[in-house]
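**Q** Okay, handing you the structure first.
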Amino acid sequence: MRLVPIAAACVALTLAACSTAPPVPAAPSASASAGAPIDAKAAFARLKALDGAWSGGIGKPDGPKAEVVYRVTGAGSAVMETQFPGTAHEMVTVYHLDGKDLLLTHYCAAGNQPRMKLARATENELVFEFAGGTNLDAARDFHMHDATMRFPARDRVEATWYSWGGGKPDPNGTARFFLSRKAG
C-alpha cells in the first residue's frame, strides 16, 4: 500500500529530528494553564499575528533545522502554516473559525488529514484536540492527534504535535518545533 512507505518516511523524519532531544512531554492535561483564558476569536487573532517566516530547531532549540511559514489567506478568514516549505516533506495546516470554534486541518506527509479543535486557550498557549480526519482510521493509523502552541516570548513559538498510532499515543512520532521569527 502506498501510504505505508509515506507514513514510515514521516515517522523516520520525525525520529531523526528528535533523536537527540529530551523525552517528549505527554499531551497537556485539562488542568494545564498558561495565563488568562481567551476565546477562539482571540486565539485566531494570535495565530494571524504569526504571519511571516520562522526558523529554528526540531526536538530542541538547537536541533535539526526547521522552517515554517505562516500566511493569512482567504481575506483574513484562514491562517495557512507551511512546515518544511519546498521540500519533499512539506506539510500544510490550515486554521479557521467555525462559529465559536477554532479548527485546524493538518495535511500530513503521512497522507492523512487530521482535524483538531481548540480545546483550551490562554494568551500564552493554544491546545488543540483531535476531532476526526480523512484518510485515516484513528483506532489503527499513525496520525497527528493533538497539538499545543506556546508563546514563551515575543517572536517565539514552541509547537508540539502529538502523534497516535494503533489507537494510542505514539511518543516516537511526536514532533517539537522551537521557532523564532526571521528578521526581514
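Readers should treat all values here as calculations from the given coordinates under stated rules, not as data from a laboratory. Keep in mind it's a predicted model, so treat the numbers as computed, not measured. For neighbour counting, all protein chains shown are included, and Cβ atoms are generated from backbone atoms with ideal geometry for every residue, glycine included.
**Q** How far, in nm, would the chain grow between residue 182 and residue 73 when pulled straight, counting 0.36 nm per residue and subtracting the alpha carbon separation?
**A** Values: separation 109, 0.36 × 109 = 39.24 nm, distance 1.97 nm.
This chain segment gains 37.3 nm when fully extended.
**Q** Rounded if a/c is under 1.5, else prolate if a/b beats b/c, else oblate: with a ≥ b ≥ c from the C-alpha gyration tensor eigenvalues square-rooted, which is the stretch 80-162?
**A** Oblate is the answer for the stretch 80-162, as a/c is 1.5 or above yet b/c matches or exceeds a/b.
**Q** Full-extension gain between residue 123 and residue 49, please, as 0.36 nm times their residue separation minus the C-alpha to C-alpha distance. List each step's numbers first, then the result.
**A** Values: separation 74, 0.36 × 74 = 26.64 nm, distance 1.25 nm.
Here the answer is 25.4 nm.
**Q** Could you give the nm distance between label points at residue 60 and residue 100, where each point is 7 Å from its Cα heading toward the beta carbon?
**A** With each label placed 7 Å out from Cα toward Cβ, I get 4.4 nm.
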